[in-house]
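Take a look at the structure below.
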Amino acid sequence: MEKTTRRNPLAGTVYAETLRGVRCIRLSVLTDETTSPERQREADDLTTAAHNISFGEGDQLREAVDLDVSASKISPFDRPALGGWLARPDDFDALVWWRFDRAIRSMADMHKLAEWAREHMKVLVFAEGIGGGKLVFDFRNPLDPMAELQMTMFAFAAQVEAQSISDRVTGAMAAIRKMPLRWRGGGRPPYGYMPAPMPKEHGGIGWALVPDPDAVKAIERIIRELLEGTTVSAIAVGLNADSIPSPRDHWAVKKEREKGRKTGGAKGSHVVRDVFKWTPAVITRMLRNPTLLGWKMHKGKPVRDAEGNPIMQTETPILTREEFDRIGVVLDSRSIDNKQRKDTDALLLRVIHCDSCGGRMYRDKMSASANQTPVYKCNAHGRGIKCEAAAHIRGDWVDEYVEAEFLRVVGPVQTTHVVEIPGYDPEPELRATVAEFAEHQEQRGRQKSKHAAAEWQRRADALDNRFATLEAAEKVEPQRIVTSTGRTFADEWAEKDTAGRRAMLVEAGVRLDVRRGVRGGWRKLDVRRVDFTMRGELDPAAEALADVVAALESEARGDEPTPGASVRLVEPVRELVAA
């Protein structure tokens, strides 16, 4: 039975025999069983039965369920479900919560909610108020200020309680961070690890972290492909294609929850995703995170002991320091290639340059979109400079020329697989510790109490001790292992797409400088306009190959080669060598 009302036009008070109520449910953490939605519903139903409030039934059920929503951070008006009901005040008469902290945890939110309830003449009910009894705030009579006064008093108590809880939790977490191997429990652990009971030999109290087999398997795959030469972008594509959960979804799968959910969007809005996918940024951030070394991290910095050493969060780190540094070297060497480019079908991107200004030339997008012959143009204006003799040239001509020259010079050369092992260098961690120490020094002298000054000094001494340890550490020289693949550059070129061929040119240090053309009806490339050079690691192999070819040419002609002379391959001889 829904309400029947009588309105007093003088006082503006609305009396209701049966109030249309909205059952309000909020949960900060989805795994919190002590404040489960079922428990909140049960308490709300018992209270409304005694106060003649109806929530409706079936399709007419009035309920606002906000899960994984913090009352300390999100006001009632901004919550997904409750906010919708507050925007439609004519659809109900009362709001019912289990406890005060399910509704608000701040004086500011209380003031807004009470002001809204007074304006719209609503009843606010709490099944279990502070102290255990029911609380009913009736704002239907705008001339009665007692409801707002009482609500203010209880909101103050709720805010004090929330701050007290926050302080206790913050203090407990700070203490746990200083405990070796101790995991705080609750929340999502660093990717690659999962909580397990603390071993008895370490006290047996609380939780520690151990490697997560599923995540470690994904990490090993990523590292293996990275060291084999696969780009980070390609690795991400492969992981997504194989439906391997990203770090953000991995824990949800472990806990049998839904993947995806909302993420940041424009100010005041959210984007909801079905899944969170692997991206190059996610992979790079994960591989550079010192948690793979087993270190405890807080706000992006290592948590250190009194001696300045990083405190470990696990007995079995996923990576050693040497492995971690080796991966960092590989990522650093490829960082320039990680930026996405729209003109990826241009073979000579980062290869072709204007001879006048020395800047890169780019393929003209207008000609490509109009189905015209593509043209490479000097982009001096895009860099904010003036080129005195800006060059442009037909794309197909220079693409064919560079391909022919590259294969002529190194086509028969055997390709190799190179493994870089950086060894161990304490310098990267030393630099990071120096930066951390310098930031700490900026706070010197700002402490107002002896305890704060002593704590500042303890951390300064710890960082100083870490300096001594790192400075005494021996550097292990890197190794470079080169093995032959049994294939030639010509073989590799034939099998690769445009992006792969462009990578070969860039890695080999190929550069094509183009000068401005002269007037005339040219029907092919004027080779006097271009200079092809190669200054990469392939130069020695190319020179050695040229010496061999020169000797073969000389022997075929029956004359002696000039001592110390070297020449580049020419097309007829290339066929001879290849044969």
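The values are calculated or read from the model by the stated rules, or taken from the named source; none is laboratory data. Bear in mind that the values here come from a model prediction, so they are computed numbers and not experimental data. Don't worry about glycine lacking a Cβ; one is built from the backbone with ideal geometry, like all the others, and counts go over all protein chains shown.
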| query | Out of curiosity, is LEU46 over 38 Å from the mean Cα position of the chain (by Cα) and either outside any helix (DSSP H, G or I) or among the aromatic types (Phe, Trp, Tyr) (or both)? | reply | no
| request: Determine, yes or no, whether GLU420 is within 30 Å of TRP493 (Cα to Cα), of a type in the set (D, E, K, R), at pLDDT 80 or above and not in a loop (DSSP other than H, G, I, E, B). | output: no
| field | Failed item, numbered, when PRO302 is tested on (1) surrounded by 19 or more Cβ atoms within 10 Å (Cβ to Cβ); (2) at pLDDT 85 or above | value | (2)
| Number of the exception - TRP397 against (1) over 30 Å from ARG224 (Cα atoms); (2) within 35 Å of the chain's Cα centre (by Cα) | (2)
| query | Just checking, how many residues over the range 466-494 are basic (Lys, Arg) and part of a strand (DSSP E or B)? | reply | 2
| task | Within the range 80-98, track down each residue that is modelled with pLDDT of 90 or more, closer than 23 Å to ASP45 by Cβ and not in a helix (DSSP H, G or I). | result | ARG88, PHE92, ASP93, ALA94, LEU95, VAL96
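With at pLDDT 85 or above, in contact with a helix residue (DSSP H, G or I) (Cβ under 8 Å, 6 or more places away or on another chain) and part of a helix (DSSP H, G or I) as the only criterion, which of TYR376, TYR401 stands out? Before the answer, list the steps.
Numbers: TYR376 fails: part of a helix (DSSP H, G or I).
Going through TYR376, TYR401 in turn, just one is at pLDDT 85 or above, in contact with a helix residue (DSSP H, G or I) (Cβ under 8 Å, 6 or more places away or on another chain) and part of a helix (DSSP H, G or I): TYR401.
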| Within the range 44-78, tally of residues that are closer than 16 Å to PHE100 by Cα, among the charged types (D, E, K, R) and surrounded by 17 or more Cβ atoms within 10 Å (Cβ to Cβ) | 2
| said: Please go through (1) in contact (Cβ under 8 Å) with a residue 24 or more places away in the chain; (2) under 31 Å from the mean Cα position of the chain (by Cα); (3) within 30 Å of TRP397 (Cα to Cα) for LEU463 and return the number of the only condition it doesn't satisfy. | reply: (3)
| the range 499-520 residues that are over 13 Å from ARG535 (Cα atoms), paired with ones that are at pLDDT below 85 and not hydroxyl-bearing (Ser, Thr, Tyr) (beta carbon under 9 Å, 6 or more apart) | ALA499/ASP345; ALA503/ASP337
